[in-house]
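One structure below.
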Amino acid sequence: MDGWITAIRVPFGQWTKLAIDFVQTHAAAPIDVFATVMKAMIEGTAKLLILPPATVTIVVVTAFVWWLHRRWSLTAYAAVSLFAIANFGFWEATMETVALVGFATLLSVAIGVPIGIAAAHRPWVADAIRPLLDLMQTLPTFVYLIPTLVLFGLGVVPGLVSTVIFAIPAPIRLTQLGIASVPVPLREAGEAFGATRRQLLWKVELPHAMPMIMTGVNQCIMLSLSMVVVAALVGAGGLGKPVVRALNTVNVAMGFEAGLAIVLLAILLDRVCKRPRMRRRAP
């Protein structure tokens, strides 16, 4: 009795394939330029990070963490975690992961923050992008690996694009929430002093929403880092590669060490990227 449901099947998959084929046919040149530029930038950054000895990088990062947060516990954790990663033999893979996560976060924030601001100021934009953001957050990552792999081929670029798709809803939603939560009296005070819409945005709304925006950036970094294993499946380097290799060879030791390296790096980035606590001054 239920045969009528599938008698006339909606060819959604075919429509998607036609759309991907259309983009691949008519936008091949821009896609190739984007892929070439991003590949060169990510791989070049990774090579620069790998160029100094690991000891030098550990000392520099540890000093930077102390200068930024002035907390001995976090500084000690930075030194110990980076030394452990180097001891496991995953230093180059870690630097490749840092480069990939860094560019994915930059792209996500550069695209997501303006969209979040527009969504906060224009309700129709928020209503229009809400289903798309829900789709991006709930769709299994392996599904949109397929079109990115078709468009960009094997390598770091499809991993980057897939990571951006997965991570960009966080800065969009939290930027929208931060701008929308600016108190009305604060906006009215700015308008009373003759502030234009641009001045109101830069001098009132963004400073008030900055903690929420930075939370979105932090979440974007964590979401990007969670994609390193998935990105390795399409040819991206980094810490995901030894995890995939360990999975294929059932190498428990390598898999555990690579997973621990990802955890140590994730905790370090999460703590370092949070806003430093304001130190109290003695009266």
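The values are calculated or read from the model by the stated rules, or taken from the named source; none is laboratory data. Please read all numbers here as calculations on a predicted model, not as lab measurements. As a convention, Cβ positions derive from the backbone with ideal geometry for all residues, glycine included, and neighbour counts pool all protein chains shown. Side chains included, ligands, DNA and RNA excluded: accessible areas come from the protein's heavy atoms. Shrake-Rupley method; radii C 1.70, N 1.55, O 1.52, S 1.80 Å.
Taking the criterion of being closer than 27 Å to V234 by Cβ and without any contact (Cβ under 8 Å) to a residue 40 or more places away in the chain, would at least one residue in region 48-67 satisfy it?
Yes, region 48-67 contains at least one residue that is closer than 27 Å to V234 by Cβ and without any contact (Cβ under 8 Å) to a residue 40 or more places away in the chain.
Given the criteria part of a helix (DSSP H, G or I), at pLDDT below 90 and open to solvent by 60 Å² or more (accessible area, probe 1.4 Å), does K39 qualify?
Taking the combined requirement at face value, the residue satisfies it.
Pull out all pairs, ordered by first then second residue, where Cβ-Cβ is under 6 Å, the residues are six or more apart or on different chains, the first lies in region 108-124 and is closer than 13 Å to S181 by Cα, and the second is part of a helix (DSSP H, G or I) and open to solvent by less than 40 Å² (accessible area, probe 1.4 Å).
Close Cβ pairs satisfying both conditions: G116/I172; G116/T175; I117/I179; A119/V125; A119/A126; A120/I179.
For region 166-222, which positions are among the aromatic types (F, W, Y) and in contact (Cβ under 8 Å) with a residue 40 or more places away in the chain?
F166
Go through region 210-236 and give me each residue that's assigned to a loop (DSSP other than H, G, I, E, B) and of a type in the set (A, V, I, L, M, F, W, C).
Residues satisfying the conditions are M227, L233, V234, A236.
Scan region 250-265 for residues that are closer than 10 Å to S81 by Cβ and buried (at least 17 other Cβ atoms within 10 Å of the Cβ) and jot them down.
Selection gives A261, L264, L265.
Given the criteria farther than 18 Å from I221 by Cα and at pLDDT below 90, does P158 qualify?
No: the conditions fail for P158.
Among the numbered criteria (1) crowded, with 18+ Cβ neighbours inside 10 Å; (2) modelled with pLDDT under 85, which single criterion is violated by L247?
Status for L247: all satisfied but (1).
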